[in-house]
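Participant: Structure in structure tokens, see below.
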Amino acid sequence: MINKKFMGRAINRKEIIEFSLFILGVLGIIIFKISDNKKNKDIFSDQGYVVGTVEQYESGQAYVGWVPNSYQLTIRSPTITFTYKINKIQYSQNYASETFHVPVDGIKKGEKYIVVYNINKPKEARMLFDFPILDSTDFKKYVQEFKANPPNLEQLRKKKNEK
């Protein structure tokens, strides 16, 4: 066992390992967040629009579980899986609300929404839940609206934070 002093306090090997794992975890979260932000910026940089269909939706949940000698709060973010077609090729995309806005509840399998994708990289896309598609006129109306005022990533982030 290694006993070193840090700020006048003796620390052992277990504490060093726990602290190292904590730092690695924080760095991992930061790296994934930077990657998600870059993907979102890429998607919104050269936009194309298509109708997407919700295939699977899991609402966010929070629950308390028992771990020996303590209780643990677990929070699970809402996740979405959807499909969309571009030039007769079907794509599937899934992500959680940490990546891009996914409502906490109210989404049902089979519902349709506008999907924004990068024209040069159609495999990456985001579903825009503020733009539901109830019939074919909705899609045409939104696309006309987007020609004058395309969805802006920063505006969508502000909307998410307001909800």
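The values are calculated or read from the model by the stated rules, or taken from the named source; none is laboratory data. This is a predicted model, so every value here is computed, not measured. Glycine also receives a Cβ, built like all others from the backbone with ideal geometry; neighbour counts cover every protein chain displayed.
Participant: With modelled with pLDDT of 75 or more, more than 20 Å from Asp130 (Cα to Cα) and of a type in the set (Lys, Arg) as the only criterion, which of Arg9, Arg76 stands out?
Facilitator: Details: Arg9 fails: modelled with pLDDT of 75 or more.
Among Arg9, Arg76, only Arg76 is modelled with pLDDT of 75 or more, more than 20 Å from Asp130 (Cα to Cα) and of a type in the set (Lys, Arg).
Participant: Does any residue of the range 147-160 turn out to be surrounded by fewer than 14 Cβ atoms within 10 Å (Cβ to Cβ), modelled with pLDDT of 90 or more and either of a type outside the set (Asp, Glu) or over 14 Å from Asn40 (Cα atoms) (or both)?
Facilitator: Checked the range 147-160: no residue is surrounded by fewer than 14 Cβ atoms within 10 Å (Cβ to Cβ), modelled with pLDDT of 90 or more and either of a type outside the set (Asp, Glu) or over 14 Å from Asn40 (Cα atoms) (or both).
Participant: If I filter the range 48-60 down to residues being more than 15 Å from the chain's Cα centre (by Cα) and not β-branched (Val, Ile, Thr), which single residue comes out as surrounded by the most Cβ atoms within 10 Å (Cβ to Cβ)?
Facilitator: For the range 48-60, the residue satisfying everything is Gly52.
Participant: Would it be correct to say that Lys108 is surrounded by fewer than 13 Cβ atoms within 10 Å (Cβ to Cβ), over 24 Å from Lys141 (Cβ atoms), modelled with pLDDT of 85 or more and under 18 Å from the mean Cα position of the chain (by Cα)? Step through it out loud before you land on a result.
Facilitator: Values: surrounded by fewer than 13 Cβ atoms within 10 Å (Cβ to Cβ): yes; over 24 Å from Lys141 (Cβ atoms): no; modelled with pLDDT of 85 or more: yes; under 18 Å from the mean Cα position of the chain (by Cα): yes.
No, not satisfied.
Participant: Are any residues in the range 79-105 of a type in the set (D, E, K, R), at pLDDT 90 or above and surrounded by 13 or more Cβ atoms within 10 Å (Cβ to Cβ), and if so, which ones?
Facilitator: Lys85
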